[in-house]
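The values are calculated or read from the model by the stated rules, or taken from the named source; none is laboratory data. Predicted, not measured: the structure shown is a model, and the values here were computed from it. Cβ atoms come from the backbone with ideal geometry, glycine included; neighbour counts cover every protein chain shown. Surface accessibility is based on the protein's heavy atoms, side chains included, excluding ligands, DNA and RNA. Shrake-Rupley method; radii C 1.70, N 1.55, O 1.52, S 1.80 Å.
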Amino acid sequence: MKKKSFLSILLSFSLLFSLVSVLFVAPVGAKTVRVAIISALSGDVTVKKGGGSKTYDAYENMSLNQGDTVYTGDSSSVTLNLASGDADVTLSDNAELNVSDLNSSNGNKKSKLKVWAGSMWVKVKSLAGADDEFEVETP
């Protein structure tokens with residue numbers, strides 16, 4: 001009788017341990033989303049959040065996510081610092097920039113920006129990994 005109860009307790013403990021351990025295992029190859037930060041701005045700068053239709057006034061230290069669009073007005077400019085200091089992007093007046101892709105997978109960083117209007121200056125720091133990507137798309 002004692003052998004059966006000991007065996008059932010041991011089996012229950014093993015099952016419980018295996019279920020709990022699954023919760024603490026990080027998924028392999030999971031993507032992590034990075035952000036861009038508005039580090040400086042002047043003039044009329046607005047942001048439309050990804051999937052939204054309303055524009056908001058931009059401000060310093062505002063975080064931008066994948067899918068967000070930044071607009072600059074007349075005599076305006078904005079500087080974005082991509083996550084982890086990978087790049088600094090400065091948009092001139094009357095510009096429109098969409099943060100198309102900004103994620104990291106398996107330690108490889110991918111940054112893709114779409115510029116629909118205006119001009120921009122980019123200072124890309126050296127890419128750490130061989131598979132890191134930085135891309136700017138224009139019409």
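Determine whether VAL89 is modelled with pLDDT of 90 or more and either β-branched (Val, Ile, Thr) or closer than 21 Å to ASP132 by Cβ (or both). Can you show your working first?
Values: modelled with pLDDT of 90 or more: no; either β-branched (Val, Ile, Thr) or closer than 21 Å to ASP132 by Cβ (or both): yes.
For VAL89, the condition - modelled with pLDDT of 90 or more and either β-branched (Val, Ile, Thr) or closer than 21 Å to ASP132 by Cβ (or both) - is not met.
Here's the yes/no breakdown for (1) open to solvent by 60 Å² or more (accessible area, probe 1.4 Å); (2) at pLDDT 70 or above:
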position: LYS2; (1), (2): yes, no
position: PHE6; (1), (2): yes, yes
position: LEU10; (1), (2): yes, no
position: PHE17; (1), (2): yes, no
position: THR32; (1), (2): yes, no
position: ILE38; (1), (2): no, yes
position: ASP44; (1), (2): yes, yes
position: LYS49; (1), (2): yes, yes
**OP:** Give the residues of region 48-97 that are in contact with a Lys or Arg (Cβ under 7 Å, 6 or more places away or on another chain) and of a type in the set (Val, Ile, Thr), sorted by residue number.
**Re:** THR55, THR69
Original post:
Just checking, how many residues over region 64-82 are surrounded by 12 or more Cβ atoms within 10 Å (Cβ to Cβ) and either assigned to a strand (DSSP E or B) or hydroxyl-bearing (Ser, Thr, Tyr) (or both)?
Top reply: 12
